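Here the structure comes first, spelled out in structure tokens, and everything after it is commentary.
The values are calculated or read from the model by the stated rules, or taken from the named source; none is laboratory data. Everything numeric in this text was worked out from a predicted model, so none of it was measured. Glycine also receives a Cβ, built like all others from the backbone with ideal geometry; neighbour counts cover every protein chain displayed.
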Ligand SMILES: [Zn+2]
């Protein structure tokens, strides 16, 4: 049985979510589908992008790593299960360069999922 994500998933509670199926565990996850919902909050004038990624072949959702759970306007955060990235965004009315950038390569040869 294939699990469905998206609108149907939002009705599931964390306790109702099953572990990945054998098919999902065997999948090598080579094709992806990303969904971005941009929300505009009229009371604050702020914008928030909600991003999710699933494997097209097995529909397994991907978890965002290294992002704290929660919600805020100052930095990206994720949902409690890590499956939705909440990224504050704003229109580029003025060009701003970041104060610094950091690039880090993985410390392992290959991660097994
Ligand atoms: Zn897959």
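If you check every pair at least six apart or on different chains, which have Cβ atoms under 7 Å apart with a residue in the stretch 20-47 that is closer than 12 Å to residue 61 by Cα and in contact (Cβ under 8 Å) with a residue 40 or more places away in the chain first and a residue that is assigned to a strand (DSSP E or B) and within 16 Å of the ligand (Cβ to nearest atom) second?
29/55
Name every residue in the stretch 14-49 that is assigned to a loop (DSSP other than H, G, I, E, B), surrounded by fewer than 11 Cβ atoms within 10 Å (Cβ to Cβ) and away from the ligand (no atom under 12 Å from the Cβ), in order of residue number.
Residues satisfying the conditions are 14, 15, 16, 18, 19, 42, 43, 44, 45.
Does the stretch 50-75 hold any residues that are away from the ligand (no atom under 16 Å from the Cβ) and closer than 16 Å to residue 35 by Cα, and which are they?
If the condition is that a residue be away from the ligand (no atom under 16 Å from the Cβ) and closer than 16 Å to residue 35 by Cα, then 50, 51, 64 are the ones that fit.
Might you check whether a residue that is over 30 Å from residue 58 (Cβ atoms) and either part of a loop (DSSP other than H, G, I, E, B) or under 22 Å from the mean Cα position of the chain (by Cα) (or both) occurs anywhere in the stretch 74-84?
Yes: one or more hits.
What is the number of the single condition among (1) in a loop (DSSP other than H, G, I, E, B); (2) within 16 Å of the ligand (Cβ to nearest atom); (3) surrounded by 10 or more Cβ atoms within 10 Å (Cβ to Cβ); (4) at pLDDT 95 or above that residue 6 does not meet?
Residue 6 satisfies all of (1) in a loop (DSSP other than H, G, I, E, B); (2) within 16 Å of the ligand (Cβ to nearest atom); (3) surrounded by 10 or more Cβ atoms within 10 Å (Cβ to Cβ); (4) at pLDDT 95 or above except (4).
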